[in-house]
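The structure appears below as structure tokens.
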Amino acid sequence: MKFTHLIEINMPDNPLLAPLTREQLWRGLVLRAERPTLFLLGLDSCDITARVPDGLSRTLRFGPLVVHDHVRFSPLENVHYHVPQQDAIPMSDLRMTIEEPQPGALFVRFEYDDHNPAQETEEESFYNDFKREAYKEADIDTIRMIRQLAQEGQLDTRLQ
């Protein structure tokens, strides 16, 4: 299943939403990789097991389920999560890309790929509809948390 959706970040028509800078948005996306327990419900812990100049490797624990993944950063552009095939967990990718079609008009494109080229059965299609909705809700929550952190001033300085 491949799935893509876009979330608008700055909405000039909505005075209730403070605009974010590209840098604040970027710091929030990086923080989601560095401290995912702030963003993901059901995640018990995250250990960063390795760091490289452009990313990191992590071990995520959701109760008894353990997931190893790799995160790559293209500064101020995108964050790419890669989950290699492991035990009963299939390979998958998530890319969060900042788009700015005009100055200050920020969006984040979320692209999911489970690398399953097979045609969906009716049952899989039904299940994938639920997955798509869950992904959308999780991504909306991610942006909501980034907004909250920005409002608290936590995204105004460089991440440690």
ask   = Once the Cβ-Cβ distance between residue 107 and residue 156 is put in as r, and R0 is 22 Å, what FRET efficiency do you end up with, to the nearest 0.05?
value = 0.55
message = Can you give me the angle between helix 22-34 and the longest principal axis of the chain, using Cα atoms only, in degrees from 0 to 90, rounded to the nearest 10?
response = 40
inquiry  = Could you derive backbone 3J(HN,Hα) for the stretch 85-102 from the dihedral phi with the Karplus parameters 6.51, -1.76 and 1.60 (θ = phi - 60°), listing whole Hz in sequence and x where the residue is Gly or Pro?
reply    = 4, 8, 6, 8, 9, x, 4, 7, 9, 9, 10, 10, 10, 7, 10, 9, x, 9
ask   = For the stretch 51-65, in order, what is each residue's ³J(HN,Hα) by Karplus, 6.51 cos²θ - 1.76 cosθ + 1.60 with θ = phi - 60°, in whole Hz (x at glycine and Pro)?
value = 10, 10, x, 10, x, 7, 10, 9, 10, 10, 10, 10, x, x, 7
request  = Under 1.5 on a/c is rounded, so check that first for the stretch 72-134, then, if it is not, pick prolate when a/b is larger than b/c and oblate when it is not; a ≥ b ≥ c are the square roots of the alpha carbon gyration tensor eigenvalues.
outcome  = oblate
remark   = Asserting the computed 222 nm helical MRE of the chain (DSSP H runs at least 4 long, -39500 (n - 2.57) per run, divided by residue count, to nearest 500) equals -9500 deg cm²/dmol
request  = Go ahead and run the numbers for FRET between residue 45 and residue 89, Cβ-Cβ distance against an R0 of 25 Å, rounding to 0.05.
outcome  = 0.90
Gaussian network model of the chain, Cα within-10 Å springs - most flexible of 78, 116, 14 = 14
request  = With a probe of 1.4 Å, find how much accessible area the stretch 1-147 has per residue, and write the answer as a whole number in Å².
outcome  = 58
request  = Could you grab the relative contact order for the stretch 2-159? Cα pairs under 8 Å, six or more apart, rounded to a whole percent.
outcome  = 25
query = Can you give the Kirkwood hydrodynamic radius of the chain from its Cα pairs, in Å with one decimal?
reply = 16.8
Unit charges on C-beta of K, R, D, E only; dipole of the chain, Debye = 660
query = Taking the chain as a Gaussian network, Cα atoms linked when under 10 Å apart, which of 62, 73, 126 shows the biggest mean-square fluctuation?
reply = 126
ask   = Hey, how many Å between the Cα centroid of the stretch 1-41 and the Cα centroid of the stretch 87-160?
value = 9
key: Calculated FRET efficiency for the pair residue 122/residue 21, C-beta based, R₀ 45 Å, to 0.05   = 0.50
inquiry  = Compute the angle between helix 122-151 and the longest alpha-carbon principal axis of the chain, please, reported from 0 to 90 degrees and rounded to the nearest 10.
reply    = 30
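The values are calculated or read from the model by the stated rules, or taken from the named source; none is laboratory data. The structure displayed is predicted, hence computed values, not measured ones. Neighbour counts are summed over all protein chains in view; Cβ atoms, including those assigned to glycine, are modelled from backbone coordinates with ideal geometry. The accessibility values were calculated without ligands, DNA or RNA, using every heavy atom of the protein model including side chains. Shrake-Rupley method; radii C 1.70, N 1.55, O 1.52, S 1.80 Å.
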